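Take a look at the structure set out below.
The values are calculated or read from the model by the stated rules, or taken from the named source; none is laboratory data. Owing to the predicted nature of the structure, the values given are computational and were not obtained by experimental measurement. With ideal geometry, Cβ positions are generated from the backbone for all residues, glycine too; neighbour counts draw on all protein chains shown.
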Amino acid sequence: MNLSKSMIVCFILMSVFMKSFAFAEGLTFGLVAKSVNDGNFIDAWKGCNEAAKRSGDECVLLGGKGAAQLRLQEVTIREAIQTKRFDALAISVIRSDFVARAVQDATIPIIKAC
């Protein structure tokens, strides 16, 4: 399964998981990419957003532009969690120790993908 398909599957699973706990409509999912310029992540985001819209939800692509930057990814994750805008995050991990540090206080579902 390629990256785009696996990320779409992650978000479908997140959507099913979240709906099963009777959350209100209008959920917002964050897809934290290694780079928002990478075509694989753009495709994954498009698929995620199409699937989310069917349920009245939204999927937002997050991350830095250009080459993957682990410290920028950590900051992006922390900010996404702190804003409380997102009901769940899927993260394409650059380096697991940085991601683990960023999500340690998260109170929302987190899906980590390579």
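Can you find even one residue in region 80-96 that is among the charged types (D, E, K, R) and not in a loop (DSSP other than H, G, I, E, B)? No, region 80-96 has no match at all. Only residues that are in contact (Cβ under 8 Å) with a residue 12 or more places away in the chain and either assigned to a loop (DSSP other than H, G, I, E, B) or buried (at least 19 other Cβ atoms within 10 Å of the Cβ) (or both) were counted across region 50-74, and they come to 15.
Condition first: of a type outside the set (A, V, I, L, M, F, W, C) and closer than 28 Å to D105 by Cα. Now tell me which residues in region 38-54 satisfy that. Break it down into steps so the answer makes sense when it comes.
Taking region 38-54 first, the residues of a type outside the set (A, V, I, L, M, F, W, C) are 38-40, 43, 46-47, 49-50, 53-54.
N49, the sole residue that qualifies.
Of I108, I77, all but one fail to be under 22 Å from L27 (Cα atoms), surrounded by fewer than 19 Cβ atoms within 10 Å (Cβ to Cβ) and touching a helix residue (DSSP H, G or I) at 6+ places or on another chain (Cβ under 8 Å); the exception is I108. Does K46 satisfy being assigned to a helix (DSSP H, G or I), modelled with pLDDT under 95 and either surrounded by fewer than 18 Cβ atoms within 10 Å (Cβ to Cβ) or among the aromatic types (F, W, Y) (or both)? It is false that K46 is assigned to a helix (DSSP H, G or I), modelled with pLDDT under 95 and either surrounded by fewer than 18 Cβ atoms within 10 Å (Cβ to Cβ) or among the aromatic types (F, W, Y) (or both). Evaluated against (1) in contact with a strand residue (DSSP E or B) (Cβ under 7 Å, 6 or more places away or on another chain); (2) closer than 14 Å to T28 by Cβ; (3) of a type outside the set (F, W, Y), G56 falls short on exactly one condition, (1). Checked across region 12-29, the condition of being crowded, with 20+ Cβ neighbours inside 10 Å, modelled with pLDDT under 95 and under 14 Å from I110 (Cβ atoms) holds for at least one residue. Restricting D57, D105 to those that are at pLDDT 95 or above and not small (G, A, S) reduces the list to D57.
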